[in-house]
Amino acid sequence: MQTEHIEDRSQGERASSSKEGREVKMAAIKLYGMMLSPNVTRVVTVLNELGLDFDSVDVDLRTGAHKHPDFLKLNPFGQIPALQDGDEVVFESRAINRYIATKYGSSGPNLLPTPSAKMEAWLEVESPHFFPLAQTVVYELLIKPLFGATPDTAEADKKAAELDKLLDVYEAHLAAGNKYLAGDVFTLADGNHMSWLFLLTKSPKAELVASRPHVKAWWEEISARPAWAKTVASIPLPPAV
Amino acid sequence: MAPVKVFGQAMSPNVARVLVFLEEAGADYELVDVDFQAKEHKSPDHLARNPFGQIPAFQDGDLVLFESRAVAKYVARKYKTDEADLLREGDHSEAAMVDVWTEVEAHTYSAALSPIVYECLIFPLMHGKPTDEKVVDESLGKLRKVLEVYEERLSKHRYLAGDFLSFADLNHFPYTFYFMATPHGALFESYPRVKAWWESIMSRPAIQKLSATMTP
């Protein structure tokens, strides 16, 4: 995986990073973002599941690179990630994941088996239900302290309580003969949860997962996947986490 | 063929989201009321259809489904014809654009617009709660920025995903319909292409038919 920075792109489309003066071929897929962002690693999860080569282009939110005109051409909403596949540009991590899972579905496990009503329902569940709650808990209790900011513990506790209720439904679902969210096989429904779920298990609210036998078993199963090990290795978490 | 069943009320934006696609397809459907006052949404029967105790839920023969966007996709796929292909799943590039702008509606557009609907309409009318103008002002600020991006996009393409009407455009209908009933609906006047796009959605016969059932 090669890395370049968004400000370097003015030097030319086919810029190559070289060590020892050697030209290195860039992959067709470029992922723009920063690896600390779980919305970016939501995509990395799927890229790795499919065994796809990609180049990582650093867009560091801390430097305001996401508001740079070059980046706004890729995502007019100025958010990470964005993905470039040849001439195709896609943004919104879940749209990106659906795009790569469909287009490159034969490179790896079939993450979007159709027809699967159960998969579609639980794929959707992640977005309005799980993500906003997990994001608040992780952001307040894990990310803010890392940057020396004061967490809003009242808000975090409120969302953790809602997440507690939500995970009861997951627990019941997984206990009802579902090894994965869509049933017997790992799908995009599981994959889309992993980046934020991972940080939840590193947060002070990890017991939300650990206290539920089926949710815990599900997390242990999906996080044992070899592709996930590769994804985790690319997340620059500080040693304290 | 038995009509499909949608559980919930047409006035609920997420139920309406599903009805949009059924109406566009001209499909037979039955709307089954879920009595919130009587806590029917928490009844074992309803929880068997939607384990989160929400509306809509959906049934087509033996198939039971929940999550309005998953149901809407199911409907769009089932009733797809050569003329009415709202998801464009046969073409990776087109499907990607449909997905992008469907996600934008879910995370960015509705996040800015729906608080205004809740504060100005739903809370006062349904819960007797007063409007929090601070929330409204904050949301209007966000919405203006979003509409700027939409204005730019719609100056390049007739619809959001491209030059074809898609799943992405129609997903905007329910909350935008209610937004127009708030005192802030005139905001769209400042974004002529967005306004034109909205009017073209509203003028569709299926949308006209559905709108009539959503007005109290």
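The values are calculated or read from the model by the stated rules, or taken from the named source; none is laboratory data. Source: prediction; values computed, not measured. Note that each Cβ is placed from the backbone with ideal geometry, even for glycine, and that neighbours are counted across all protein chains shown. Ligands, DNA and RNA are excluded from the accessible area calculation, which covers all protein heavy atoms including side chains. Shrake-Rupley method; radii C 1.70, N 1.55, O 1.52, S 1.80 Å.
Given the options B:Ser12, B:Ser110, B:Ser43, which has the most mean-square fluctuation in a GNM of chain B, springs set between C-alpha atoms less than 10 angstrom apart?
Of the options given, B:Ser43 has the highest mean-square fluctuation.
With a sphere of radius 15 Å drawn around the Cβ of B:Gly53, what net charge do the other residues whose Cβ falls strictly inside it have (Lys, Arg +1; Asp, Glu -1)?
Net charge in that neighbourhood comes out at -2.
What do you get for Rg/Rh over chain B if you use C-alpha atoms and the Kirkwood form of Rh? Kindly include the intermediate steps, with their values, before the conclusion.
On the way: Rg = 17.4 Å, Rh = 18.1 Å.
Rounded to two decimals, Rg/Rh equals 0.96.
Ignoring ligands, DNA and RNA, please state the percent of accessible area on region B:4-78 from carbon and sulfur, probe 1.4 Å.
The value for region B:4-78 is 46 percent carbon and sulfur by accessible area.
Looking at chain B, do any whole DSSP H helices span at least 20 angstrom along their long axis by alpha carbon and average -0.5 or above on Kyte-Doolittle, and which?
none
Over region B:6-128, average the accessible area per residue using a 1.4 Å probe and give it in Å², no decimals.
Result: 43 Å² per residue.
Where does each of B:Asp132, B:Asp163 land when they are ordered by accessible area, with a 1.4 Å probe and the largest first? Write out the running numbers ahead of the final one.
Working: B:Asp132 70, B:Asp163 105 Å².
Greatest to least solvent exposure: B:Asp163, B:Asp132.
Could you tell me the total accessible area buried at the A-B interface, probe 1.4 Å, in square angstrom to the nearest hundred?
The summed interface area works out to 2300 Å².
Expressed as a whole percentage, what fraction of the accessible surface of region B:92-210 belongs to carbon and sulfur atoms when a 1.4 Å probe is rolled over the protein heavy atoms?
Carbon with sulfur: 54 percent of the solvent-accessible area.
Write down Rg/Rh for region A:127-167, rounded to two decimals, with Rg from the C-alpha atoms and Rh from the Kirkwood relation over Cα pairs.
Radius of gyration over Kirkwood radius for region A:127-167 works out to 1.00.
State the three equivalent ellipsoid semi-axes of chain A, derived from the C-alpha gyration tensor as the square roots of 5 times its eigenvalues, in descending order and whole Å.
Taking √(5λ) for each eigenvalue gives 31, 22, 15 Å, largest first.
Got a sec? Which residues in region B:164-193 would a label at B:Gln208 touch, if it sits 7 Å along Cα→Cβ and we count backbone N under 18 Å?
What the label zone holds, given the 18 Å backbone N cut-off, is B:177.
What do you get for the angle between helix A:213-223 and the principal long axis of chain A? Use alpha-carbon atoms, 0 to 90 degrees, nearest ten.
Compared with the principal axis, the helix lies near 20 degrees.
Rounded to the nearest whole Å³, what is the per residue volume of the convex hull around the Cα atoms of region B:1-107?
113 Å³
Using a 1.4 angstrom probe on the protein heavy atoms only, line up A:Glu221, B:Glu151 by accessible area, largest first.
A:Glu221, B:Glu151
Along the Cα-to-Cβ line of B:Ala27, 7 Å from the Cα, sits a label point; which residues in region B:166-182 have backbone N less than 20 Å from it?
B:166-175
With everything on Cα atoms, drop me the angle between helix A:38-49 and the longest principal axis of chain A, reported from 0 to 90° to the nearest 10.
Approximately 80 degrees, to the nearest ten.
From the helices alone, meaning DSSP H stretches of at least four residues, give me the mean residue ellipticity at 222 nm for chain A, per-run term -39500 (n - 2.57), in deg cm²/dmol to the nearest 500.
About -12000 deg cm²/dmol.
How high is the relative contact order of chain B, in percent, with contacts defined as C-alpha pairs under 8 Å that are six or more residues apart?
22 percent
With every atom except the alpha carbons ignored, what do you get for Rg and Dmax of region B:92-210, in angstroms?
Gyration radius and largest Cα-Cα distance of region B:92-210: 14.5, 47 Å.
In region A:161-241, carbon and sulfur make up what percent of the accessible area (probe 1.4 Å)? Intermediate values should be presented prior to the final figure.
Numbers: 2000 of 3440 Å².
So the carbon and sulfur contribution to the accessible surface is 58 percent.
For the protein assembly as shown, what is one quarter of the convex hull surface built on the Cα atoms, given in nm²?
23.1 nm²
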